[in-house]
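What follows is a set of notes on a single structure, which appears directly below.
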Amino acid sequence: MYRKFTISDYIRYVIVLIFFILIIFVFKLQIIEGEKYKNIAEKNIVRIQTIYPTRGEIYDCKYRPIVLNKPSYNLYITPGEIVNKEKVSKFVSTNFNKDIDEIKKIIHDNRYRSYQDILLIQNIPFEKMVITSEQLNYYPSLLLKAEKVREYYFSNHFTGYTGHITKDEYNKLSRKGYSINSNIGKAGLEKYYEDILHGKNGQQVLQIDASGKNLEFFKHNLQTAPQNGADLILTIDNDLQEYISSIFPKNRKGSIVVMDIKTGGILAYVSKPDFDPNIFTGGISAKQWDNIITDPDKPLLDRIIHGTYPPGSVYKPILASLGLEEKVIDSNTKLTKCEGGMWFGNRYFKCWLKEGHGRLSVVDAIKYSCDVFFYDLSTRFSLEQINRYTKQNYLSTRTGIDLPGERKGFFPSRKWYIDNYGKYVGILGHKVNLSIGQGEVLVTPLQICAYYSALGNDGIWRRPHLLAKRIEAEHTYKDFVEQKHLPISEATLKLIQNSLYKTVNESYGTGTAASINGIDVYGKTGSAENHMGEITHAWFSGYAKCDKFEIGFTVFIENGGHGGSVSAPIARKFINYYYGIME
Amino acid sequence: MKKFEWMIFSLLLLLLIIGIISIYTASSSKIGDDFLFTNYYIKQFIWIIISMFILFLLLKAPSAIIEISIFPIYIFTILSLILVLFLPEIKGSHRWISLGPVNFQPSELAKLFTIMAISKFISKQFLNDGQILLRSFIITLIPITLILLEPDLGTALTFFVILFSILLVSDLPKFYLILIISPMLSIITSISIWIFIAYILLLVYILYRSNLDKVIIGFVVTINTFIFFITPIFWNSLKDYQQNRILTFINPMRDPFGAGYQIIQSKIAIGSGGIFGKGFLLGTQKNMNFLPEHHTDFIFSVIGEEFGFFGCTFILLIYFLFLYKIAKSIRKIKWKEYRYVSVGILACITFQIFINIGMNLGIVPTTGIPLPFISYGGSNLLVNVAAIGFILKYLNERSIFA
């Protein structure tokens with residue numbers, strides 16, 4: 001049944017043939033062309049060079065600079081050309097003030113990138129460069145390059161900053177053309193729009209021998225040009241931004257945000273205390289970093305979107321519109337008489353005015369910011385109803401601003417109380433407390449600003465944004481068109497707007513400190529009790545209209561005192577100023 | 001007593017030792033006067049111990065157990081080839097399953113068990129030609145399709161070599177092999193109508209001389225002409241990046257920053273090694289790290305640079321003796337299925353060696369195929385040693401039927 005198996009002979013012939021071919025080519029490369037390749041190898045002629053793109057710059061709405069690239073001198077090391085690791089590490093360490101172990105670690109981590117230039121020191125001062133450049137000749141592995149570095153024009157929280165790529169980031173991004181020396185956005189707009197700002201690396205193959213002759217290994221495609229990053233044009237107005245920054249009460253913490261109510265574009269974005277992003281461009285040292293993050297005032301905290309706070313009375317219009325929308329009250333309904341407080345079960349809830357406001361309609365309740373009116377109103381809704389309506393007004397939900405790490409805020413639900421206080425928790429007391437924006441409710445100043453801007457924009461809520469035009473795909477710009485309607489009818493809206501107007505412009509309103517002749521200022525004050533200190537957070541939020549502009553704003557001073565006396569006057573100042581520069 | 005093939009086993013051990021030495025030098029880097037090592041050679045040593053253990057197990061395991069587990073394991077490898085497509089990309093393709101510290105490449109196991117499965121299913125008695133063709137094609141085309149999706153052109157090509165080599169030694173009349181090969185040649189020759197016409201004329205001549213029926217000749221010519229017309233249509237329907245991938249596979253110089261650059265660097269390294277090489281650990285091109293990952297696919301360039309023409313010849317000689325010895329012994333295997341398996345494995349390993357060294361020398365397309373027994377890599381080493389284990393086992397068992 002077996003047939004003679006002769007195929008194995010053919011297989012052997014094939015094997016012989018294959019190895020004959022391989023030997024022939026090894027012979028050709030090593031014996032015949034050996035000298036030529038030895039020559040090329042000795043001179044390291046053929047290698048790939050990366051061409052870095054220029055990072056996009058950032059400008060304000062009038063094309064004035066916010067972030068630009070400026071020339072800087074950077075020190076690189078080529079691991080393959082190191083003669084003595086100890087000596088070179090010591091030289092760099094003593095001359096450029098960098099930890100010697102840190103330098104050795106960089107060399108060790110990059111030992112397989114022998115012929116690549118690895119960034120050691122960024123942003124070397126010109127004088128230092130001049131002094132050390134002569135000594136550099138003794139260290140062939142060191143290389144000084146003139147490149148570009150970010151320059152931030154003012155301290156702020158929205159531009160963010162760039163930093164040297166970390167190992168993890170590099171592993172993730174190396175396929176997108178990032179190199180081990182790349183800088184990458186670490187926070188703010190620099191991080192959010194990294195893809196747009198960064199651009200794409202170019203490459204070129206060097207294959208020129210010592211005499212300048214082309215070795216002609218490759219016939220074409222020797223260079224791919226880098227693609228520079230696109231510039232960002234913001235809605236920020238540098239004048240307003242700087243003015244607000246200058247009038248912000250000294251040694252106070254807090255934030256002020258101003259936006260165009262028609263588009264949602266942010267005109268000013270001030271959070272204090274702030275930091276100078278330029279400190280990060282030189283590659284920040286561990287000690288400097290420690291100083292910043294252990295600072296009790298938290299200068300890195302963006303108090304517009306990263307901080308959440310109890311809203312206090314600026315929350316009241318939401319509950320009022322819920323009452324009006326659900327027809328629980330109308331414009332004339334007067335609730336329980338305010339005698340300086342109100343009993344719920346065995347607990348007495350005070351109104352901020354000890355003498356009491358008497359019986360008020362909804363408009364006056366907002367104007368005088370009467371607590372009792374809202375205590376009473378809240379009892380007519382379930383907690384879930386209030387929770388849902390709050391969310392529908394885009395509080396306790398992210399606004400979607402074009403910055404990373406925005407916080408959501410918080411509004412408790414029935415389930416949350418049961419989970420945290422047990423089954424027999426008295427919801428009523430908590431609900432009454434929430435009605436005036438106290439208790440567990442937390443909001444970001446940006447959410448409040450977006451809400452009041454929507455009230456001023458016929459109830460149309462616009463997503464806040466810093467970029468003037470949305471950038472889609474390759475350098476195509478589009479308007480931000482996203483818009484949503486607050487869950488509020490026209491009649492209710494008119495009533496709320498009217499009460500905000502009266503708050504500022506009628507005597508005994510809580511926000512009269514913000515009234516300006518010739519400009520219609522609408523607003524609501526808030527003085528929120530909090531666990532951060534004895535003194536209340538001072539809120540003032542609203543919108544201002546005149547023939548030149550329509551802006552929404554929120555002024556928030558942490559533990560600043562009363563909104564009416566602390567925050568409202570600041571709003572008055574910058575509205576006035578903005579009116580002036582809009583001439 | 002059964003006879004153990006000590007010669008083959010010793011040559012295998014020698015190759016593994018050469019591998020360890022090469023990986024040791026390939027994973028070193030020079031900073032100033034110091035050498036820095038990465039521990040690949042230790043890992044490889046552990047892998048060798050594990051694979052020796054598996055080889056030992058295979059030799060001891062009863063054939064019946066191996067027989068019944070072939071098909072389930074084949075199915076398992078197919079499933080893992082499907083799974084790998086849904087895992088995140090590593091280095092630009094879906095080839096690896098990451099299992100903690102080791103990356104496992106399912107296509108390696110698929111190679112071995114495709115060989116086993118084809119051999120098992122076409123060595124049954126009383127099969128007609130159609131059945132043999134159908135079975136072997138289905139068994140190979142499933143993994144080929146999945147591997148092309150990864151995408152991994154080089155490994156997919158290995159499966160064609162396996163299929164072809166097994167069918168070559170099978171009972172199938174040889175003109176079927178022309179049937180299989182000719183469409184591929186049609187695809188290649190379709191770049192020019194004149195080359196294609198010359199090719200068809202040659203084909204008809206060969207078929208005619210083989211005394212084949214005119215109907216069959218007509219059929220082959222029709223099929224090939226059809227393929228000639230369909231190829232440009234198919235080609236144009238490919239996306240740009242897919243076309244580029246294939247063109248770069250054929251001509252690496254199209255990609256000066258990737259494959260082309262690697263080949264140039266590999267050639268410079270090997271060529272500059274000259275007759276005697278630059279010496280152990282002293283390869284300048286290696287130490288400058290112009291080639292990424294030279295402990296895996298480009299390890300031959302390190303050997304060439306440091307040990308020169310003598311080193312290369314020595315390694316080629318060991319490989320040659322090893323393969324030649326196996327090829328010579330295969331005829332002694334009387335059991336048809338085992339013979340097919342051995343031929344499949346032999347062809348597969350020979351092909352990998354040729355492709356890898358050829359790639360290092362810049363004469364064949366760049367693929368991700370490592371150098372068997374020498375390159376660093378767990379799953380590749382394990383599967384290749386196990387494959388030799390099967391051959392040793394079958395050679396060992398021949399006396400039962402002799």
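Here, each number is a calculation from the coordinates, and none is a lab measurement. Bear in mind that the values here come from a model prediction, so they are computed numbers and not experimental data. With ideal geometry, Cβ positions are generated from the backbone for all residues, glycine too; neighbour counts draw on all protein chains shown.
Counted residue by residue at 0.36 nm each, then reduced by the alpha carbon distance between them, the extension gain from B:F226 to B:L134 reaches 31.0 nm.
Set the Förster radius R0 to 60 Å, insert the Cβ-Cβ distance between A:E440 and B:L59 as r into 1/(1 + (r/R0)^6), and round the FRET efficiency to 0.05.
On the way: r = 71 Å, r/R0 = 1.18.
Once rounded, the FRET efficiency stands at 0.25.
Taken over the range B:302-402, the convex hull of the Cα atoms encloses 103 Å³ per residue. Bridging of B:K111 to lysines at a Cα separation below 27 Å is possible for B:K43, B:K60, B:K91, B:K120, B:K124, B:K174, B:K325, B:K328, B:K332, B:K334, B:K336, B:K393, once same-chain residues fewer than 8 apart are set aside. When the charge dipole of the range A:112-211 is built from unit charges on Cβ atoms (+1 for Lys and Arg, -1 for Asp and Glu) and taken about the Cα centre, the candidate among A:G163, A:Y139, A:I196 whose Cα reaches farthest toward its positive end is A:I196. Calculated FRET efficiency, A:V328 to A:L300, Cβ-Cβ distance, R0 = 41 Å: about 0.40 to the nearest 0.05.
Think of the protein assembly as shown as having a plus end and a minus end, set by charges on the Cβ of Lys, Arg, Asp and Glu; of A:S507, A:T536, B:P256, B:P256 sits farthest toward the positive end of this dipole. Look at A:C449, A:C351 and count the other Cβ atoms within 10 Å of each Cβ; fewest to most, that gives A:C351, A:C449.
Above 13 Å lies some portion of the pair distances; for the range A:513-583, what is it as a whole percent of all C-alpha pairs?
The share of Cα pairs beyond 13 Å in the range A:513-583 comes to 60 percent.
Distance distribution note for the protein assembly as shown: the fraction of Cα pairs above 53 angstrom is 42%. Once you reduce the range B:256-328 and the range B:58-89 to the center of their Cα atoms, the two points are 33 Å from each other.
Each principal axis of the Cα cloud of chain A was taken in turn, and the coordinate range along them, longest first, works out to 107, 87, 44 Å. Cross-link pairs exceeding 21 Å between alpha carbons, from the set A:K36/B:K278; A:K272/A:K316; A:K250/A:K298: A:K272/A:K316.
Applying 1/(1 + (r/R0)^6) with R0 = 30 Å to the Cβ-Cβ distance of A:F154 and A:M582 gives a FRET efficiency near 0.90.
Under 12 Å Cα-Cα from A:K104, which aspartates and glutamates qualify once same-chain neighbours fewer than 8 residues away are excluded? Within the straight-line cut-off, A:K104 pairs with A:E86. Simple point charges give the picture: +1 on the Cβ of Lys and Arg, -1 on the Cβ of Asp and Glu, and for chain A a dipole about the Cα centre of about 1400 debye.
Which value, in debye to the nearest 20, gives the size of the charge dipole of the range A:58-178 about its Cα centre, when Lys and Arg are +1 and Asp and Glu are -1 at the Cβ? Each step should come with its number before you reach the end.
Working: 19 positive and 14 negative charges, 67 e Å.
The calculation lands at about 320 debye.
Computed over Cα pairs, the Kirkwood radius of the range B:65-152 leads via Stokes-Einstein (1.567 mPa s, 4 °C) to a diffusion coefficient of 93 µm² per second.
In debye, nearest 20, what is the charge dipole magnitude of the protein assembly as shown about its Cα centre with +1 on Lys and Arg Cβ and -1 on Asp and Glu Cβ, if you could check?
On the way: 102 positive and 81 negative charges, 596 e Å.
Taking the Cα centre of the protein assembly as shown as origin, the dipole is about 2860 debye.
Can you give the alpha-carbon Rg of the range B:173-237 over 2.2 N^0.38 Å, where N counts its residues? List each step's numbers first, then the result.
On the way: Rg = 11.8 Å, N = 65, 2.2 N^0.38 = 10.7 Å.
Normalised Cα radius of gyration, the range B:173-237: 1.10.
You can think of it this way: the chain between A:E534 and A:K36 has 171.0 nm of extra reach, that is 0.36 nm per residue less the Cα-Cα gap.
May I ask you to sort A:V425, B:V364 by Cβ crowding, counting other Cβ atoms within 10 Å and putting the fewest first?
By the 10 Å Cβ count, ascending: A:V425, B:V364.
Among A:I292, A:T50, B:Q265, flag the residue with its Cα farthest along the positive direction of the charge dipole of the protein assembly as shown, charges on Cβ as +1 for Lys/Arg and -1 for Asp/Glu. Ranked along the dipole, the leading option is B:Q265. If you model the range A:238-581 as an ellipsoid using its alpha carbon gyration tensor, with each semi-axis the square root of five times an eigenvalue, the axes come out at 32, 24, 20 Å, biggest first.
Taking the number of Cβ atoms within 10 Å of each Cβ as an exposure proxy, the fewest-first ranking of A:R463, A:R150, A:R359 is A:R359, A:R463, A:R150. Entry note: the range B:163-276 has Rg to Rh equal to 1.13, where both radii use alpha-carbon atoms and Rh is the Kirkwood radius.
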